Amino acid sequence: HSVKFPRHPFSRYTLAFAVTLLALSYLAGCSQEPRSVRAANPVKAETDRKPAPDFALKDADGKTVRLADYKGRVVLLDFFATWCGPCKVEIPWFMEQERKNKDRGLVVLGVSMDDEGWEVVKPFISSLGVNYRVVIGNDSTAQLYGGVDALPTTFLIDRNGKIAAIHLGLASKKDFDDGIEELLQAPAPAASGDQPAVTQLRTK
């Protein structure tokens, strides 16, 4: 089927003008949408944060890594896989953060969700020169953190061990930079003798 325009030139031009106005209005609306839906704050308010589940997993050297050991520091916890393209985009950002903010209290932890385990993970982190600790996760680890249905999934955890931000899929570098900076500026919690319970997980 074809659309037939009126024969009178004035009607044809009027219709074309109206269509142009509608198109411009639509485009103007689209250009404003990201500003209206974008969050103003890179991290959640402190009252909205929930405790990050603890775990005990082995790193590449066979040493046990516990999230509880890093209370008092800001933790970037990244669930990734060696076959995940967006993960490879973010990892250099995290390496930069580790170099830049380690002395300010930032800890970057990578949790590999590769089924093949260290066989594929060790060559991967070696080729990239990853400068932070990496552990092998599993289904139990994923369930602790809501299932981790997408990779990468990255959590920013504040100095009190609470989840301040969750990034599902590839996020922007600025989102990470701004969120980490805000959390690093928060004062460290007062020392306490209470240690949170550790959930022991099966490791590969």
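The values are calculated or read from the model by the stated rules, or taken from the named source; none is laboratory data. In this text, all values refer to a predicted model and were calculated from it rather than measured experimentally. In this analysis, Cβ positions are derived from the backbone assuming ideal geometry, glycine residues included, and neighbour counts consider all displayed protein chains. Ligands, DNA and RNA are excluded from the accessible area calculation, which covers all protein heavy atoms including side chains. Shrake-Rupley method; radii C 1.70, N 1.55, O 1.52, S 1.80 Å.
What the table below lists for this structure:
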quantity	calculated
Residue within the range 178-191 that is in a helix (DSSP H, G or I), modelled with pLDDT of 95 or more, over 23 Å from Ala45 (Cα atoms) and open to solvent by less than 60 Å² (accessible area, probe 1.4 Å) present	no
Inter-residue pairs, beta-carbon under 9 Å, first open to solvent by 40 Å² or more (accessible area, probe 1.4 Å) and in the range 140-151, second charged (D, E, K, R), 6+ apart	Ser140/Arg202; Leu144/Asp54
Matching entry among Lys88, Lys102, Lys122 (being more than 20 Å from the chain's Cα centre (by Cα) and basic (Lys, Arg))	Lys122
Any hit, the range 36-43, residues being more than 29 Å from Gly147 (Cβ to Cβ), in a helix (DSSP H, G or I) and at pLDDT below 95	yes
Condition met for Val135 (aliphatic (A, V, I, L, M) and over 20 Å from Gly147 (Cα atoms))	no
Conditions (1) touching a Phe, Trp or Tyr at 6+ places or on another chain (Cβ under 6 Å); (2) modelled with pLDDT under 95; number of the one not met by Lys71	(1)
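Conditions tested, residue by residue: (1) within 13 Å of the chain's Cα centre (by Cα); (2) closer than 18 Å to Leu67 by Cα; (3) not small (Gly, Ala, Ser); (4) not in a loop (DSSP other than H, G, I, E, B).
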residue	(1), (2), (3), (4)
Val135	no, yes, yes, yes
Thr141	no, yes, yes, yes
Val148	yes, yes, yes, no
Leu156	yes, yes, yes, yes
Ile163	yes, yes, yes, yes
His167	yes, no, yes, yes
Leu170	yes, no, yes, no
Phe176	yes, no, yes, yes
